[in-house]
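Read through the structure below, which is laid out as structure tokens, and then see the notes.
The values are calculated or read from the model by the stated rules, or taken from the named source; none is laboratory data. For clarity, every value in this text was computed on a predicted model and none was experimentally measured. In this analysis, Cβ positions are derived from the backbone assuming ideal geometry, glycine residues included, and neighbour counts consider all displayed protein chains. For accessibility, only protein heavy atoms count, side chains too; no ligands or nucleic acids. Shrake-Rupley method; radii C 1.70, N 1.55, O 1.52, S 1.80 Å.
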Amino acid sequence: MGILSSIGQLLTLALEIYSWLIVGRVLISWVNPDPYNPIVQFLVRATDPLLLPIQRRMPALGGFDLSPIVALLAIVVMQRVVAVLFSPMAGGGFSVLMVEMLALVHLLLTLYLLILLIRAVINIRSWWGFRRGTGAYINLHNPG
């Protein structure tokens, strides 16, 4: 095991820890935590440098903040790049690159399907409100 392999493993470990910090922040956002709690403050300060630029460029979809999903997708892509670049058999070349590109396409399609599922849930939820006789917001620009 060479020095490059060790560096690759350290980078992969750091990316894995950071992805768990993002997951932790998402989980605590569901319970309305105390903002003065030191753990909450640490999670917010640690994940804001990555999540805030994504939130500025990508609007929330029906009240759902998708920036953690995009950030986790980016981390997975970086982990794969690090694994390919720092592997002892990095000379695999074209076949390794093709496998990684297919994995990236798979991740992007999964993200797209998740967005479609969220939109479907939002539309179905609006139909239930309309059925109960409550006022419903009708978006004329949405074909659904």
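Return the residues of region 51-62 that are open to solvent by 50 Å² or more (accessible area, probe 1.4 Å) and either in a helix (DSSP H, G or I) or basic (Lys, Arg) (or both); say none if nothing qualifies.
Leu52, Gln55, Arg56, Arg57 - these are the residues of region 51-62 that are open to solvent by 50 Å² or more (accessible area, probe 1.4 Å) and either in a helix (DSSP H, G or I) or basic (Lys, Arg) (or both).
Ser29 - would you say it is within 18 Å of the chain's Cα centre (by Cα) and buried (at least 16 other Cβ atoms within 10 Å of the Cβ)?
It is false that Ser29 is within 18 Å of the chain's Cα centre (by Cα) and buried (at least 16 other Cβ atoms within 10 Å of the Cβ).
Only one residue in Arg57, Arg45 is at pLDDT 80 or above, of a type in the set (Lys, Arg) and farther than 30 Å from Arg125 by Cβ. Which one?
Arg45
Residues that are modelled with pLDDT of 90 or more and either assigned to a helix (DSSP H, G or I) or open to solvent by 40 Å² or more (accessible area, probe 1.4 Å) (or both): does region 75-87 have at least one?
yes
Restricting to region 63-74, name every residue that is open to solvent by 70 Å² or more (accessible area, probe 1.4 Å) and at pLDDT 80 or above.
The answer is Asp65, and nothing else.
Hey, Arg45 hits all of (1) surrounded by fewer than 15 Cβ atoms within 10 Å (Cβ to Cβ); (2) within 26 Å of Leu108 (Cβ to Cβ); (3) without any contact (Cβ under 8 Å) to a residue 40 or more places away in the chain; (4) charged (D, E, K, R) but one; which does it fall short on?
(2)
Which residue pairs have Cβ atoms closer than 8 Å, lie 6 or more positions apart in sequence or on different chains, and pair a first residue in region 113-124 that is within 14 Å of Asp65 (Cα to Cα) with a second residue that is assigned to a helix (DSSP H, G or I)?
What qualifies is Leu114/Ile69.
Would you tally the residues in region 8-25 being among the hydroxyl-bearing types (Ser, Thr, Tyr) and under 20 Å from Val44 (Cβ atoms)?
Result for region 8-25: 2.
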